[in-house]
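Before any comments, here is the structure.
The values are calculated or read from the model by the stated rules, or taken from the named source; none is laboratory data. Quick caveat, the model's predicted, so the values are computed rather than measured. All Cβ positions, even for glycine, are placed from backbone atoms using ideal geometry, and neighbour counts span all protein chains on display. The accessibility values were calculated without ligands, DNA or RNA, using every heavy atom of the protein model including side chains. Shrake-Rupley method; radii C 1.70, N 1.55, O 1.52, S 1.80 Å.
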Amino acid sequence: MTKFFALFMIPASAVDEWKKNTKPEEMKSASEKMMRDWEKWRKAHQKSLVDSGAPLGKTKRVSSKKISDVRNDLNWYSIVEAESHEAAARMFEDNPHLQIPGSSIEVMEIPAGPPM
């Protein structure tokens, strides 16, 4: 089995729009539903989950010139095992994250590296 890194994305503009135009009680309800749906998805795929992941926080960009605060579309990560890249990607087709307007999930193979 090969490991794959899944990177969950939400456009920062979609997050801003949601916060601006959604009532607090609707935000709470939507967040609770997402967590219930996420838990169902996680249970359905638990045999393949190496690391069910975590939310990603604030970002610092490091360049040769400086360190700066940046904002990006990265939201969450997970690591799964699958027989193929296609099988790993298909695992996420029904992920509740995709209910979020403009969201996506990128699935990347984690190549076996040299022993450390």
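If you filter segment 53-72 down to residues that are in contact with a Phe, Trp or Tyr (Cβ under 9 Å, 6 or more places away or on another chain) and at negative phi, you find that the one that is modelled with the highest pLDDT is 56.
Of the residues that make up segment 81-92, is at least one at pLDDT below 95 and of a type in the set (D, E, K, R)? Checked against the condition, which is being at pLDDT below 95 and of a type in the set (D, E, K, R), segment 81-92 yields no hits at all.
Of all the criteria given as (1) at pLDDT below 95; (2) under 14 Å from residue 4 (Cβ atoms), the one not satisfied by residue 77 is (1). Read through the list (1) open to solvent by less than 50 Å² (accessible area, probe 1.4 Å); (2) in contact with a Phe, Trp or Tyr (Cβ under 7 Å, 6 or more places away or on another chain); (3) not in a helix (DSSP H, G or I), then give the number of the only condition that residue 78 fails. Here residue 78 meets the rest and fails (2). Give me the residue from segment 90-116 that is part of a loop (DSSP other than H, G, I, E, B) and of a type in the set (D, E, K, R) and, out of that set, surrounded by the most Cβ atoms within 10 Å (Cβ to Cβ). In this case the residue turns out to be 94. Of the residues making up segment 36-48, those that are open to solvent by less than 50 Å² (accessible area, probe 1.4 Å) and either among the charged types (D, E, K, R) or at pLDDT 95 or above (or both) number 4.
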